[in-house]
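One structure below.
Each value in this text was obtained by applying a stated rule to the coordinates, not by laboratory testing. For clarity, every value in this text was computed on a predicted model and none was experimentally measured. Neighbour counts run over all protein chains shown; Cβ positions are idealised from the backbone, glycine included.
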């Protein structure tokens with residue numbers, strides 16, 4: 001058995017992270033020693049590293065909690081894990097396409113601004129910011145906003 005500090009050091013996280021994962025159900029509740037210290041079984045740091053790596057590729061704590069609960073029951077969540085990762089890849093591809101579109105629009109704006117600056121004598125205003133108003137029709141959202149903001153709603157960040 002190992003204390004939280006030992007597990008945290010071995011996994012490269014803080015003891016607060018270990019306790020948080022336990023509260024979220026990612027790590028099983030553990031026994032406490034006579035002096036009140038949590039005592040984690042060997043291999044807990046491996047599970048913590050698994051959690052950290054899964055978070056890094058886009059899984060949420062809630063998703064991981066459900067997946068690890070299935071594993072703890074002796075079942076195989078592999079198809080669920082694969083399906084979730086596939087959804088994350090599709091969402092990432094969608095976001096990359098949105099970003100590419102925004103990049104293309106910004107590139108066009110910069111080309112327009114460069115042309116305006118070439119036609120504008122030194123010391124005079126070229127109206128660069130005012131030119132942005134012409135990009136958007138009356139009541140239309142700015143084209144550089146992420147889609148969730150263009151539709152008037154904000155997506156919760158995890």
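Values for this structure:
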read-out: Simple label model, 7 Å out from Cα along Cβ direction - residue 9 to residue 130, nm; value: 6.6
read-out: Cα-based Kirkwood hydrodynamic radius, the stretch 2-72, one decimal, Å; value: 12.2
read-out: Potential extension, residue 96-residue 16 segment - 0.36 nm per residue separation minus Cα distance; value: 25.4 nm
read-out: Relative contact order of the stretch 21-74, defined on C-alpha pairs under 8 angstrom at six or more residues apart (%); value: 37
read-out: Approximate spin-label separation residue 117-residue 70, in nm, with each point projected 7 Å along Cα-to-Cβ; value: 5.4
read-out: Per principal axis, descending, Cα span of the stretch 1-142 in whole Å; value: 80, 36, 26
